[in-house]
Amino acid sequence: MFPQSIQNLINQLSKLPDIGPRAATRLVFHLINQNQNELENLSQSLKELKSKIKLCPDCFSLTNDNLCSICSDKKRDKNTICLIETVLNIPLIEKTRQYTGLYHILGGLISPGNGTGPEDLKIKELINRVKNNSIKEIIFALSPTTEGDTTTLYIEKILQELKTQPSPKAPAGKVKTSRLGRGLSVGSDLEYIDENTLSNAFRSRR
C-alpha cells in the first residue's frame, strides 16, 4: 500500500513497546511532515543511544559521564539507597520531592516463572555497596507484586546475614531497611503509580 521505505519504517516502529501498526503509521506520517533538520537531529539522537549512553558503575542508571547526575551530586544523601526495579522509576520518585538519597537499579525482579533468578539482578553489586560505603538505610521501592515481595524478602535475608559480618564501613546492626507504605495497590506496577500516592508511600515507609 505504501512505498517500501515508508513501510520499512512502520515495521520498525511497530516493534517498539505499546506501538502497534496503526500508531506506527501515524508516527511515520508525522515525521514526513517534519523539516529535514529535525529528521537529521532525530536520526543523530538514535545513533547516539548506543555509542554515548552507558551504565553508571555505582547505581546502574543511564549516563553520558563517568557517574550519573544523581550519584555525582554532592548534595544527595550518600548514606541512603533507594532500591528500584528499573531506571523508569527514578523520574517518578524524584517528582515526589520526598527522597534525596541515592538509587540502586536491580534491572528486574526475581521471577522464576519468567526465568529471572537472583543471579540475573544487580544484587551482588548492592551488597558490595553496603559493604564498602557508610550506608545507613535501604528503602525497598519495588512494585507491590508477588515478584516484588519475593525480591524484597530475598535481599532482606542477605542484609540480615550481613549484619553478623561487620566491616569498618558497615558495622553490625547499622543498616536499616524499610519498605514503602502500603498505600500502593497490591499487584500494581510502580511505573504507573501516580505521584501523590507514591509521595505518601515514601512518607509512611516502615
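Could you list, in sequence order, the residues of the range 49-101 that are touching a Pro at 6+ places or on another chain (Cβ under 8 Å) and among the polar types (S, T, N, Q)?
Residue satisfying the conditions is Asn66 alone.
From the list Ser14, Ser61, exactly one residue is surrounded by 11 or more Cβ atoms within 10 Å (Cβ to Cβ), touching a residue at least 12 places away in the same chain (Cβ under 8 Å), touching a helix residue (DSSP H, G or I) at 6+ places or on another chain (Cβ under 7 Å) and of a type in the set (S, T, N, Q). Which is it?
Numbers: Ser14 fails: touching a residue at least 12 places away in the same chain (Cβ under 8 Å).
Only one candidate passes the filter, namely Ser61.
Do we have Thr86 as polar (S, T, N, Q) and either modelled with pLDDT of 95 or more or closer than 20 Å to Ser199 by Cβ (or both) here?
Against the criterion (polar (S, T, N, Q) and either modelled with pLDDT of 95 or more or closer than 20 Å to Ser199 by Cβ (or both)), Thr86 qualifies.
Among (1) at pLDDT below 95; (2) in contact with a Ser or Thr (Cβ under 9 Å, 6 or more places away or on another chain); (3) not basic (Lys, Arg), where does Ser5 come up short?
(2)
How many residues does the range 162-191 hold that are assigned to a helix (DSSP H, G or I) and either modelled with pLDDT of 85 or more or buried (at least 16 other Cβ atoms within 10 Å of the Cβ) (or both)?
Selection size over the range 162-191: 2.
Looking at the range 125-157, which of the residues that are within 22 Å of Asn79 (Cβ to Cβ) and hydroxyl-bearing (Ser, Thr, Tyr) is modelled with the highest pLDDT?
Ranking the candidates gives Thr152 first.
If Ser134 satisfies all but one of (1) surrounded by fewer than 16 Cβ atoms within 10 Å (Cβ to Cβ); (2) part of a helix (DSSP H, G or I); (3) among the small types (Gly, Ala, Ser), what's the number of the condition it fails?
Going through (1) surrounded by fewer than 16 Cβ atoms within 10 Å (Cβ to Cβ); (2) part of a helix (DSSP H, G or I); (3) among the small types (Gly, Ala, Ser) one by one, Ser134 breaks only (2).
Within the range 49-64, can one find any residue that is within 21 Å of the chain's Cα centre (by Cα), basic (Lys, Arg) and assigned to a loop (DSSP other than H, G, I, E, B)?
yes
Name the one entry in Cys71, Cys82 that is over 23 Å from Glu147 (Cα atoms), touching a Leu at 6+ places or on another chain (Cβ under 9 Å), hydrophobic (A, V, I, L, M, F, W, C) and not in a helix (DSSP H, G or I).
Cys71
Per-residue answers, yes or no, for (1) exposed (fewer than 12 other Cβ atoms within 10 Å of the Cβ); (2) more than 30 Å from Val175 (Cα to Cα); (3) outside the structural domain of Asp120 (by TED's automatic domain parsing):
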position: Ala24; (1), (2), (3): no, yes, yes
position: Asn33; (1), (2), (3): yes, yes, yes
position: Glu48; (1), (2), (3): yes, yes, yes
position: Cys68; (1), (2), (3): no, no, no
position: Arg76; (1), (2), (3): no, no, no
position: Cys82; (1), (2), (3): no, no, no
position: Glu85; (1), (2), (3): no, no, no
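Mind checking which residues of the range 2-37 are over 32 Å from the mean Cα position of the chain (by Cα) and of a type in the set (S, T, N, Q)? Full working, then the answer.
At the first step, the residues of the range 2-37 found to be over 32 Å from the mean Cα position of the chain (by Cα) are 2-7, 29, 32-37.
Passing the criteria: Gln4, Ser5, Gln7, Asn33, Gln34, Asn35, Gln36, Asn37.
The values are calculated or read from the model by the stated rules, or taken from the named source; none is laboratory data. All figures in this text were calculated on a predicted structure; none of them were measured in a lab. Here Cβ is always computed from backbone atoms with ideal geometry, including for glycine, and neighbour counts include all displayed protein chains.
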